[in-house]
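Participant: Structure in structure tokens, see below.
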Amino acid sequence: QVQLVESGGGLVQAGGSLRLSCAASGSISSINAMRWYRQAPGKQRELVASITRGGSTNYADPVKGRFTISRDNAKNTVYLQMNSLKPEDTAVYYCNADVLGSSWLNYWGQGTQVTVSS
């Protein structure tokens with residue numbers, strides 16, 4: 001019943017910026033942590049950033065100082081502002097959230113491609 005819909009991916013040159021969005025919809029009572037993961041071809045999926053409902057954030061070392069995660073609780077939406085992009089940031093980016101509907105469950109978005117050219 002719950003879906004996470006992502007947008008904002010695309011092609012950008014090194015040094016450029018993108019903003020990803022992920023909106024949760026469906027039978028939602030509350031959302032706790034929201035996260036962004038990424039997965040490059042042939043590599044493991046890795047956690048990029050997380051944010052609690054109260055706004056506490058954590059970042060993976062490779063993106064610290066460049067990426068900012070934020071959320072709008074009224075819109076059930078999480079964002080990832082990506083600045084100073086590098087070719088190694090190229091990956092499929094996935095939204096993830098802990099959602100209370102009839103029970104607490106973890107959901108994934110479909111993924112959105114981010115490609116950074118050099």
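Participant: If a residue must be among the small types (Gly, Ala, Ser) and assigned to a loop (DSSP other than H, G, I, E, B), how many such residues does region 41-55 contain?
Facilitator: Selection size over region 41-55: 3.
Participant: Among the residues of region 58-74, are any under 16 Å from Gly109 (Cβ atoms) and surrounded by 12 or more Cβ atoms within 10 Å (Cβ to Cβ)?
Facilitator: Scanning region 58-74 turns up at least one residue that is under 16 Å from Gly109 (Cβ atoms) and surrounded by 12 or more Cβ atoms within 10 Å (Cβ to Cβ).
Participant: Looking only at region 1-40, how many residues end up being surrounded by fewer than 19 Cβ atoms within 10 Å (Cβ to Cβ) and assigned to a strand (DSSP E or B)?
Facilitator: So the answer is 15.
Participant: For the subset of region 101-111 comprising residues that are assigned to a strand (DSSP E or B) and under 15 Å from the mean Cα position of the chain (by Cα), which member is surrounded by the most Cβ atoms within 10 Å (Cβ to Cβ)?
Facilitator: Tyr107
Participant: So, Val114, is that one open to solvent by less than 20 Å² (accessible area, probe 1.4 Å), modelled with pLDDT of 95 or more, assigned to a strand (DSSP E or B) and on the phi < 0 side of the Ramachandran plot or not?
Facilitator: Spelling it out, Val114 is indeed open to solvent by less than 20 Å² (accessible area, probe 1.4 Å), modelled with pLDDT of 95 or more, assigned to a strand (DSSP E or B) and on the phi < 0 side of the Ramachandran plot.
Participant: I'd like to verify a number: residues in region 56-73 that are among the hydrophobic types (A, V, I, L, M, F, W, C) and either modelled with pLDDT under 95 or assigned to a strand (DSSP E or B) (or both), how many?
Facilitator: Selection size over region 56-73: 2.
Participant: Sort out which residues of region 75-100 are acidic (Asp, Glu) and either open to solvent by 10 Å² or more (accessible area, probe 1.4 Å) or farther than 18 Å from Glu46 by Cβ (or both), and write them in order of number.
Facilitator: Glu88, Asp98
Participant: Out of Ala40, Ala74, Ala60, Ala91, I need the residue that is of a type outside the set (Val, Ile, Thr) and in contact with a Ser or Thr (Cβ under 8 Å, 6 or more places away or on another chain). Which one?
Facilitator: Of the residues listed, the single one that is of a type outside the set (Val, Ile, Thr) and in contact with a Ser or Thr (Cβ under 8 Å, 6 or more places away or on another chain) is Ala40.
Participant: What about Ala49, is it in contact with a helix residue (DSSP H, G or I) (Cβ under 8 Å, 6 or more places away or on another chain), open to solvent by less than 40 Å² (accessible area, probe 1.4 Å) and not hydroxyl-bearing (Ser, Thr, Tyr)?
Facilitator: In short, yes.
The values are calculated or read from the model by the stated rules, or taken from the named source; none is laboratory data. Fair warning: this is a prediction, and the values are worked out from it, not measured in the lab. All Cβ positions, even for glycine, are placed from backbone atoms using ideal geometry, and neighbour counts span all protein chains on display. The protein model used for the area step is the full one, side chains on, heavy atoms only, and it has no ligands, DNA or RNA in it. Shrake-Rupley method; radii C 1.70, N 1.55, O 1.52, S 1.80 Å.
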